[in-house]
Amino acid sequence: MAELELEVVAEIRRIAADELEWKGVVEPQHDLVRDLQLDSLGLTVLAVGLENRFRIRLSEEDAQGVRTVSDLAKLVVRRVASTARPPTEVRS
Amino acid sequence: MHSASGQDSSAPFIRSVGRALPPHYASQEQLIAAFRELWARRHFNLERLEDLHRNVQVGGRYLAMPIEAYPALVTFQQRNDAWIREATALSEVVVRQALEQAGLVPADVDHVFFVTVTGIATPSIEARLANRLRFREDLKRTPIFGLGCVAGAAGLARAADYLRAFPTHTALVVSAELCSLTLQREDLSIPNIIASGLFGDGAACAVLRGANAPGAKGPRVVASRSVFYPDSERIMGWDVVDSGFKVVLSAKVPQLVKDHIQGNVDGFLATQGLKRGDIRHWVAHTGGPKVLESFEEALELDKDALARSWASLREVGNLSSASVLFVLGETLEQVAAKPGDYGLMMAMGPGFCAEMVLLRW
């Protein structure tokens, strides 16, 4: 797994623990809805947290093919790559 | 235990419902503009947050204070002092209005139930009203804090319970909710941003009279039922923090409504020998668009059955416990109810819980 993808998964773990009161483990293969029990608000909190951390915008259309933590991390990596701002300028 | 039938001669009457909104109106777009700078401190995609505010389908809110006064309210004391002042003033307006509509005066009142979840006061607000309105010295007071949005329906149900024991008495249910004064500006979490888009300020007062009170008329409170949903404490509520009340709000509320309300309503109505089809007037708490849609779907209601709730949500937002009393007041004044018509009030709130109140005209 690429370095940035690992960083995104780590951020997903942080958001789940700090902002979504998720007490279990978070693994790349976990289904966001079934395994992490995220509802629409939880998914929004997760999306907003990733947008803030990686300075990207995620849309409804983006979410279509996203089912697992890994799918989401890969989407974020693609968005970061397609924005003008390089990830080295990312600030938390 | 409620086992009254529609013919129950001990069922109390709802005589009137006064309603008032504070004078400082802000449209949803004005509020979004005011919040934008604050959101930008932490959030990158502001359009997403604007959409969250627009998706709650609220056109604007009436605020207890001018919009420019809020940034200076930083501490819990500052917010709560403003709350005590404005809640007392607004409560006085609705009590006077409701008593006048009922053809009564403050000295006619035996018991005041005061409900709120947006501020605290000791002496409580109804004690402060007693000094302004000159209620009798033997007035009974029951301040209720913490039931949240359900308190309008639950307060009305508890007042009706009381009036069954004292059927010549008159009771007020006063709700004052100034949600804007609970807003934690520094809390830039998504639940708080949604709450800041949905909740508004307002007060309401219902006048109830016991079955044997002179001149009592209006729809009767036939029966009520409380429902508690176990192990749902984090669905809705406050985390009390140094700066005041930090909102706890889960997106699971609409699903809870979908999962439970049909069984709750059918079970309650069955105890009265009734079915959903017997209810002509639905008085639903304006929880939010998804909550109202869940009521409609789960109860298989006609598209305009909750029209007054939808209109109230659009016009003033979710007023917490006052909302269902606003809808009740509009129902009493606008609906051409016939003798024998049944109505059902429904509200939900922290616990998580629900309250249903059966009315009969």
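Structure data summary
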quantity: Segment B:152-286 - convex hull of alpha carbons, volume per residue in Å³; calculated: 154
quantity: For chain B: span of alpha carbons on each principal axis (Å, largest first); calculated: 61, 47, 36
quantity: Fraction of accessible area attributable to carbon and sulfur, segment B:224-311 (%, probe 1.4 Å); calculated: 48
quantity: Most to least packed among B:186-195, B:50-59 [average Cβ atoms within 10 Å]; calculated: B:186-195, B:50-59
quantity: Farthest positive-ward along the protein assembly as shown dipole, Cα basis, beta-carbon charges - from A:Ala63, A:Ile12, B:Leu178; calculated: B:Leu178
quantity: Cα-based Rg / Dmax (Å) for segment B:260-361; calculated: 12.7, 36
quantity: Partner chain coverage, peptide A:38-47 - average Cβ within 10 angstrom; calculated: 4
quantity: Interface size A-B, as summed buried accessible area [1.4 Å probe, Å², nearest 100]; calculated: 1400
quantity: Fraction of beta bridges assigned by DSSP in segment B:229-361 that are antiparallel (%, nearest 5); calculated: 75
quantity: Signed unit charges on C-beta, dipole axis of segment B:158-288, positive-most listed residue B:Ser224, B:Pro254, B:Gly277; calculated: B:Gly277
quantity: Solvent exposure of chain B as accessible area per residue, Å², 1.4 Å probe; calculated: 39
quantity: Fully extended contour minus Cα-Cα distance, from B:Ala34 to B:Asp51, at 0.36 nm per residue; calculated: 4.6 nm
quantity: Cα Rg, Dmax, the protein assembly as shown, angstrom units; calculated: 23.7, 80
quantity: Antiparallel %, DSSP beta bridges [both residues in the protein assembly as shown], to 5; calculated: 70
quantity: For segment B:4-130, alpha-carbon Rg and Dmax in angstrom; calculated: 19.7, 62
quantity: Percentage relative contact order, segment B:124-200, counting C-alpha pairs under 8 Å, at least six apart; calculated: 19
quantity: Order by protection proxy (mean Cβ within 10 Å, highest first), peptides B:341-347, B:144-150, B:214-220; calculated: B:341-347, B:144-150, B:214-220
quantity: Percent of beta bridges antiparallel (DSSP, chain B, rounded to nearest 5); calculated: 70
quantity: Dipole in debye (nearest 20) - chain B, about Cα centre, beta carbon charges: Lys, Arg +1; Asp, Glu -1; calculated: 560
quantity: Highest-fluctuation residue, A:Gln64, A:Gln29, A:Gln37 considered, GNM on chain A with Cα pairs under 10 Å; calculated: A:Gln64
quantity: Average beta-carbon neighbours from other chains, 10 Å sphere, peptide B:319-330; calculated: 0
quantity: Per-residue ³J(HN,Hα) for segment B:186-196, Karplus 6.51 cos²θ - 1.76 cosθ + 1.60, θ = phi - 60°, Hz, x for Gly and Pro; calculated: 7, 7, 9, 6, 5, x, 5, 5, 5, 4, 5
quantity: Under 12 Å, Cβ to Cβ, from B:Trp310 - net charge with Lys/Arg +1 and Asp/Glu -1; calculated: -2
quantity: Between segment B:117-150 and segment B:256-319, the Cα center-to-center distance that results, in Å; calculated: 29
quantity: Overall Cα dimensions of segment B:66-176, principal axis frame, Å, largest first; calculated: 48, 26, 23
quantity: Interatomic Cα distance distribution for segment B:129-204, bins of 10 angstrom, percent; calculated: 14, 37, 28, 14, 6, 0
quantity: Length-normalised contact order of chain A in % [C-alpha pairs under 8 Å, at least 6 apart]; calculated: 35
quantity: Label-reachable residues, segment B:77-96, where backbone N falls under 19 Å from a point 7 Å from B:Glu186's Cα toward its Cβ; calculated: B:77-82
quantity: Selection from B:Pro71, B:Ser91, B:Asn55, by position along the positive dipole direction of segment B:53-92 (Cβ); calculated: B:Asn55
quantity: Contour minus Cα-Cα distance for B:Ser10 and B:Arg314 (0.36 nm per residue); calculated: 105.7 nm
quantity: Dipole magnitude of segment B:1-94 about its Cα centre (Cβ charges: Lys, Arg +1; Asp, Glu -1), debye to nearest 20; calculated: 100
quantity: Whole-number percent relative contact order across chain B, with pairs defined as alpha carbons under 8 Å at least 6 apart; calculated: 26
quantity: Exposure rule at most 11 other beta-carbon atoms within 10 Å, DSSP loop trypsin sites (Lys or Arg not before Pro): chain A longest free segment; calculated: A:35-90
quantity: Area projected by the alpha carbon convex hull of segment A:14-70, averaged over all directions, nm²; calculated: 3.8
quantity: Highest-first arrangement of B:205-212, B:261-268, B:106-113, where packing means the average Cβ count within 10 Å; calculated: B:205-212, B:106-113, B:261-268
quantity: Most to least accessible of B:Leu274, B:Leu292 (protein chains only, probe 1.4 Å); calculated: B:Leu274, B:Leu292
quantity: Test item: Cα-centred dipole of chain A, Lys/Arg +1 and Asp/Glu -1 on Cβ, debye; calculated: 260
quantity: Local net charge near B:Gly210, Cβ-Cβ under 15 Å (Lys/Arg +1, Asp/Glu -1); calculated: +3
quantity: Candidates per GluC sites (Glu not before Pro) in segment B:198-305, loop by DSSP, up to 11 other Cβ within 10 Å; calculated: B:Glu300
quantity: Helix-only CD estimate at 222 nm, as mean residue ellipticity for chain B, using -39500 (n - 2.57) per DSSP H run (n ≥ 4); calculated: -12000 deg cm²/dmol
quantity: Exercise: per-residue mean of other protein chain Cβ atoms within 10 Å, B:243-255; calculated: 2
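The values are calculated or read from the model by the stated rules, or taken from the named source; none is laboratory data. This is a predicted model, so every value here is computed, not measured. Glycine gets a Cβ as well: all are built from the backbone with ideal geometry, and neighbour counts include every protein chain shown. SASA here: full protein model, heavy atoms, side chains in, ligands and nucleic acids out. Shrake-Rupley method; radii C 1.70, N 1.55, O 1.52, S 1.80 Å.
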